[in-house]
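In what follows, a single structure is set out as structure tokens and then discussed.
The values are calculated or read from the model by the stated rules, or taken from the named source; none is laboratory data. This structure is a prediction, so every number in the text was calculated from the model and none was measured. Note that we place each Cβ from the backbone using ideal geometry, even for glycine, and neighbour counts take in every protein chain shown.
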Amino acid sequence: MKLKDKSTIISNIVKYSERSILITFDANHQLFSLDWLLQKRSWLLDNISDKLLQVNSTYNSLLVTYNFTINDFYGEKVALRQLLLNANEPYNLGFRSVIIPTCYDDEFSIDAKEFEHKKELSKQDLIRLHSGQSYRVHFIGFLPGFPYLSQVKKDLYLPRKSQPRPKISAGSVGIAGRQTGIYPVNSPGGWQIIGQTPLCLFDAKELKTFLKAGDTIRFKPINRNEYDEIKAEIQLDINFQNRFVDES
């Protein structure tokens with residue numbers, strides 16, 4: 001199969017606001033991957049850091065936010081395009097592996113019956129399928145610390161609720177369509193809730209998120225006693241949860 005011209009991987013570059021530019025990539029291009037996207041994000045941050053406030057990633061785009069008002073959009077567009085296409089230096093981004101201890105007990109898996117009725121999955125099958133694979137964190141969004149993860153197995157596909165709940169508890173693990181995710185704070189939400197983790201995904205005091213784009217995570221089933229023990233340890237010292245992270 002002939003490799004596509006790498007210049008075609010950039011689908012569009014548009015002015016998003018007076019200080020930001022949105023770059024969209026062709027996710028079907030042979031060169032495109034999550035690692036490729038995050039490497040390009042790091043390349044921009046390293047090479048034009050004096051001009052930038054931040055660069056945010058999504059599934060197939062980068063939102064580049066400048067520290068000044070963009071008056072010459074065309075000039076910045078050309079510069080970004082050339083910088084991205086000339087970015088050949090490989091990066092070791094130090095992606096981490098993270099275990100997410102998750103309690104799937106009935107009080108936390110409040111939508112397990114939805115999977116039983118609509119997908120003909122027993123509670124045991126639901127847990128086995130959800131915890132039986134690894135996921136990548138594609139980006140953090142929606143809420144501070146909310147991870148958007150690579151897709152679940154097809155048997156777990158279930159659309160979000162037509163009527164969102166007024167409150168989902170922090171740590172709730174949910175599924176919406178092909179996605180699975182974790183609510184980092186108490187919030188309204190329409191995802192199908194299947195469990196809860198005692199980990200703190202967003203430290204409001206330090207304004208830090210626990211997970212990062214590029215992380216590989218795996219959900220590990222735990223019982224209620226283990227859940228309570230881990231939660232108590234984290235309340236005493238939030239750094240306790242770092243034991244679930246492998247930096248190597």
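Worth pointing out:
- Taken together, Ser42, Ser7 contain a single residue that is exposed (fewer than 11 other Cβ atoms within 10 Å of the Cβ) and in a helix (DSSP H, G or I), which is Ser7.
- When we screen Asn92, Asn88, Asn67 for residues that are of a type in the set (S, T, N, Q), under 30 Å from Ile10 (Cα atoms) and at pLDDT 95 or above, the only hit is Asn67.
- Within the set Phe32, Phe68, Phe108, the sole residue that is closer than 30 Å to Arg128 by Cα, outside any strand (DSSP E or B) and touching a residue at least 24 places away in the same chain (Cβ under 8 Å) turns out to be Phe108.
- Residue in region 15-26 that is within 21 Å of the chain's Cα centre (by Cα), over 16 Å from Ala79 (Cα atoms) and surrounded by fewer than 18 Cβ atoms within 10 Å (Cβ to Cβ) present: yes
- Filtered residues of region 15-51 (kept if of a type in the set (Val, Ile, Thr) and in contact with a helix residue (DSSP H, G or I) (Cβ under 9 Å, 6 or more places away or on another chain)): Ile21, Ile23, Ile48
- Residue within region 121-129 that is modelled with pLDDT of 95 or more and in a loop (DSSP other than H, G, I, E, B) present: yes
- Scanning region 224-233 for residues that are surrounded by fewer than 15 Cβ atoms within 10 Å (Cβ to Cβ) and closer than 15 Å to Ile99 by Cα yields a single hit, Glu226.
- Phe219 farther than 26 Å from Asp106 by Cβ, touching a residue at least 60 places away in the same chain (Cβ under 8 Å) and crowded, with 20+ Cβ neighbours inside 10 Å: no
- Filtered residues of region 217-246 (kept if part of a loop (DSSP other than H, G, I, E, B) and either outside the structural domain of Gly171 (by TED's automatic domain parsing) or of a type in the set (S, T, N, Q) (or both)): Asn223
- Residues of region 180-213 that are touching a His at 6+ places or on another chain (Cβ under 9 Å) and modelled with pLDDT under 95: Ala213 alone.
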